[in-house]
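The values are calculated or read from the model by the stated rules, or taken from the named source; none is laboratory data. Owing to the predicted nature of the structure, the values given are computational and were not obtained by experimental measurement. Cβ placement follows ideal geometry from the backbone for every residue including glycine, while neighbour counts extend to all protein chains displayed. The accessibility values were calculated without ligands, DNA or RNA, using every heavy atom of the protein model including side chains. Shrake-Rupley method; radii C 1.70, N 1.55, O 1.52, S 1.80 Å.
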Amino acid sequence: MLRPTAVLPDLARAEAAIRARGGALGVPLHVLGETTSTNDEAKLAAKRGAAHGATWVAESQRGGRGRQGRTWVSPRGENLLFSVLARVACPPSRLPPLALVAGLAAHAGVQKALGERVQAKIKWPNDVVVGDKKLAGVLVESVLTGTRVEALIIGIGINVYSRFEAGDVPEELAARATSLALQGAPSLDRAELLADVLAALDRDVELVAARGLGIVHGRLAALDALRGRRVTSEGAPGDRLQEGVAEGIDLEGRLVVRGDDGSVTRWSAGEVHLVGGGRLPQ
Ligand code: BTN
């Protein structure tokens with residue numbers, strides 16, 4: 001799984017940046033030139049007993065994975081690709097809130113790098129977007145013991161340097177993705193970005209695992225990119241397509257949608273697209 005290839009200087013400083021924050025996540029830090037997927041590294045290590053906080057960051061992934069079974073494409077050395085093992089014990093009902101918290105942490109790091117000029121938001125459940133373009137994605141997987149969650153693998157991909165020029169990446173991706181560089185971020189330092197996201201996760205993950213989404217709900221609501229917008233759901237093949245106006249996120253982490261007949265439904269899984277605003281990002 002692990003092949004040592006070159007790690008660029010900014011990532012090589014990541015361990016020092018994390019230690020300077022003094023949190024529990026990101027320790028130990030495994031910095032890889034290449035792997036199949038940092039989530040796979042974390043999952044395998046979790047099964048072998050790796051400790052809370054262990055983190056894998058890679059310059060490139062041969063099999064990067066996204067939500068809904070998609071692949072995650074990222075040219076070598078251009079972006080921030082990492083997974084952290086969080087040993088939190090909670091019932092499976094806490095998984096959707098925890099997936100949202102991971103998006104909130106990715107947003108916190110991204111927003112700090114962007115500065116005040118550009119406002120990033122969160123597209124439910126956990127994409128970080130600028131306008132309708134995606135800047136970061138989150139894939140949370142869990143390790144279960146019986147009916148309890150024993151650990152989370154929080155995998156985050158943040159587009160830092162990529163310019164997504166047509167010809168370099170699939171055309172569809174070029175049209176829907178953005179990066180810190182494309183947004184003119186004053187800081188493109190991946191070590192500082194990683195340390196900031198891990199510190200934000202450290203603040204919220206255990207609290208939400210223990211007490212639920214209430215404690216971060218106000219922050220999520222303020223960053224909700226879908227609120228007031230017309231959305232459709234994309235469920236499993238054969239599922240009835242649902243449509244309506246997004247009204248917010250509830251305390252279970254579901255998207256609250258009002259249909260044209262006035263009825264309210266709560267969407268807990270699947271993919272959401274904007275109606276009339278084009279397809280939302282990868
Ligand atoms: C999505 O938006 O679909 C989620 C994308 C998650 C990508 C990250 S990159 C680091 C980690 N390793 C993976 O294989 N996936 C996540």
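Some observations on this one:
- Selected residue (only one of ARG148, ARG163, ARG176 is surrounded by 16 or more Cβ atoms within 10 Å (Cβ to Cβ) and among the basic types (Lys, Arg)): ARG176
- Every listed requirement among (1) over 21 Å from VAL149 (Cβ atoms); (2) in contact (Cβ under 8 Å) with a residue 40 or more places away in the chain is met by GLN119 save one, (2).
- Exactly one residue out of VAL73, VAL110, VAL84 is within 14 Å of the ligand (Cβ to nearest atom) and part of a strand (DSSP E or B), and it is VAL84.
- Index of the failed condition, GLY23 passing every other in (1) within 14 Å of the ligand (Cβ to nearest atom); (2) touching a helix residue (DSSP H, G or I) at 6+ places or on another chain (Cβ under 6 Å); (3) of a type outside the set (A, V, I, L, M, F, W, C); (4) part of a loop (DSSP other than H, G, I, E, B): (1)
- Here the condition is being touching a Cys at 6+ places or on another chain (Cβ under 9 Å) and either under 15 Å from LEU220 (Cβ atoms) or at pLDDT 95 or above (or both); of LEU135, LEU85, LEU98, it holds for LEU98 alone.
- For LEU8, the criteria (1) open to solvent by 20 Å² or more (accessible area, probe 1.4 Å); (2) of a type outside the set (Phe, Trp, Tyr); (3) within 16 Å of the ligand (Cβ to nearest atom); (4) touching a strand residue (DSSP E or B) at 6+ places or on another chain (Cβ under 7 Å) hold in every case but one, which is (3).
- Checked against the criterion of being open to solvent by less than 10 Å² (accessible area, probe 1.4 Å), within 23 Å of GLU116 (Cβ to Cβ) and of a type in the set (Lys, Arg), region 184-195 contains one or more residues that satisfy it.
- Condition met for LEU135 (in contact with a Lys or Arg (Cβ under 8 Å, 6 or more places away or on another chain), buried (at least 24 other Cβ atoms within 10 Å of the Cβ), among the hydrophobic types (A, V, I, L, M, F, W, C) and under 30 Å from GLY167 (Cα atoms)): no
- Condition check for GLU34: away from the ligand (no atom under 12 Å from the Cβ) and open to solvent by 30 Å² or more (accessible area, probe 1.4 Å): no
- Residue in region 48-56 that is over 10 Å from LEU85 (Cα atoms) and surrounded by fewer than 21 Cβ atoms within 10 Å (Cβ to Cβ) present: yes
- Any chance ALA210 is within 20 Å of LYS134 (Cβ to Cβ), of a type outside the set (Val, Ile, Thr), surrounded by fewer than 16 Cβ atoms within 10 Å (Cβ to Cβ) and touching a strand residue (DSSP E or B) at 6+ places or on another chain (Cβ under 9 Å): no
- Checking ALA58, ALA42, ALA17 one by one, the residue that is closer than 29 Å to THR178 by Cα, in a helix (DSSP H, G or I) and either more than 15 Å from the ligand (Cβ to nearest atom) or in contact with an Asp or Glu (Cβ under 7 Å, 6 or more places away or on another chain) (or both) is ALA17 and no other.
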